[in-house]
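So the structure is just underneath, and the comments pick up after that.
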Amino acid sequence: MKQWRRVVWPFVWGAWSVLIILQIILSFFLYKPGLPVLKHIGWITLAVSAVFGWLPILAFRKKGGVSKGKSYIQTTVLVDSGIYAVVRHPQYLAGILLSLALILITQHWLIAMIGIVAIVLNYLIALKADWEIIEKFGDEYRRYMQRVPRLNFVAGIIRLIRRGKRA
């Protein structure tokens, strides 16, 4: 099973990377007038994507126990506060929201097809990340998984509010 993962996951990651870059580049060329309300929702989604993409960098640098000079993803401490109290994988969520935003902004069938595949691959990558983090942090991460949703930030905000009221 592990050999299967070694072959499939690099392909999934590579395919996602190519698709998201292709989606971004093609969006410049295939942008056309469309339904204004969808474009507005798309731009808002893009802004939300940026928040979920950048906040984890700050959170990991501040609370992740990252050694000086190391990448922010090389954490030694499980971060479960801030953005990580809302969703477990904010940067993968950012990728999903980016694809969705480009679909809404361009309103082009090709961008939509590429985006749907990119969203599915990004979700699979988030699943794989859970497996890897369980190996790194064990039961502490399993308990965290019970409290915080993988990618559903609406459910994450609701759970966070409920936890705050119980405290």
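Kirkwood Rh over Cα pairs of the chain into Stokes-Einstein at 10 °C, 1.306 mPa s: D in µm²/s?
Values: Rh = 17.2 Å.
Translational diffusion coefficient: 92 µm²/s.
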Inset, instruction - Quick one: check the C-alpha center-to-center distance for the range 54-80 versus the range 107-162, whole angstrom. - result: 18 Å
Inset, instruction - Compute the long axis of helix 90-106 from its Cα atoms, compare it with the longest principal axis of the Cα atoms of the chain, and write down the angle in degrees, 0 to 90, nearest 10. - result: 10 degrees
Legend entry - Highest-fluctuation residue, S49, S67, S99 considered, GNM on the chain with Cα pairs under 10 Å: S67
Inset, instruction - Using every Cα-Cα pair within the range 113-167, state what percent have a distance larger than 12 Å. - result: 72 percent
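Regarding the range 63-158, what's the average projected area of the Cα-atom convex hull, expressed in nm²?
Working: hull surface 28.6 nm².
Approximately 7.2 nm², given one-decimal rounding.
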Inset, instruction - Please tell me the relative contact order of the chain in percent, rounded to the nearest whole number, where contacts are Cα pairs under 8 Å and at least six residues apart. - result: 29 percent
Inset, instruction - With the Cα gyration tensor of the range 7-50 in hand, convert its eigenvalues to equivalent ellipsoid semi-axes via √(5λ) and list them largest first in whole Å. - result: 27, 14, 7
Legend entry - Percent of C-alpha pairs per 5 Å bin, the range 1-74, short to long: 3, 11, 10, 14, 16, 17, 14, 8, 5, 2
Inset, instruction - Return a single number: how many Lys pairs in the chain, at a sequence separation of 8 or more or on separate chains, have alpha-carbon atoms below 24 angstrom apart. - result: 10
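FYI, it's all coordinate maths here, none of it is from the lab. Keep in mind it's a predicted model, so treat the numbers as computed, not measured.
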